[in-house]
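Heads up: the structure comes next, in structure tokens.
Coordinate-derived values only; no laboratory data. Here the structure is a predicted model, which is why all the values come from computation and not from measurement. For neighbour counting, all protein chains shown are included, and Cβ atoms are generated from backbone atoms with ideal geometry for every residue, glycine included.
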Amino acid sequence: MRFIAAGEDSLYPPVLSTLRVMRVTSGGDDDRLYMQAATEEAKLSLNEGGIPIGGAVLVRDGGVILSRGGHNRRVQDDDPLMHAEINCIRNAGRIGRYGNTVLYSTLMPCYLCAGAVVQFGIPKVVVGGESASFAGAEDFLREKGVRVVDLNLPGLTEMMAGYIERHADIWNEDIGAL
Ligand SMILES: [Zn+2]
């Protein structure tokens, strides 16, 4: 089992840098470690003045990190399409097949990101918490045969709820609900 990471070391969030030297596989406690890395991505966005509720990491089954991660960059890049999952998949580059990959996202992918998951054939999505906002997208993923695991981590739900309370306008813009 190898552990490989793409991109420049300095760009990795702290947790992801730690993960690189560990032998990990998808599932169980490892899901939580990857989700911790995705959460670090979300916090990076907050530090950049962006939306802190989107963080994502793409992993090949067996512990090969394909993307150094991604986070929502709507505010930073003035780009309405740059959701965390899209950013993450883009950062992975042209990896070819997605058949044995797992996408970790701090919250349930929206319709846009769920569409990308189905389009590229990513078979498994692990969500940090807060599935309620995009229940329809979750149904869509499951209908298309994607395995969806919700870790239901309370900290993530609170981080999202707190941000939405302070920046309802940006959140509503992000999900097309203005
Ligand atoms: Zn999205």
Subject >> Karplus-derived HN-Hα couplings along segment 117-123 (A = 6.51, B = -1.76, C = 1.60, θ = phi - 60°), whole Hz, x at Gly and Pro >> reply: 4, 5, 4, 8, x, 6, x
Original post:
G115: net charge of surrounding residues, Cβ under 15 Å, Lys/Arg +1, Asp/Glu -1, itself excluded?
Top reply: -1
Subject >> Shape of segment 87-178, Cα gyration tensor, a/c cut at 1.5 >> reply: prolate
Original post:
Where does each of E85, E165, E158 land when they are ranked from fewest to most other beta-carbon atoms within 10 angstrom?
Top reply: E165, E158, E85
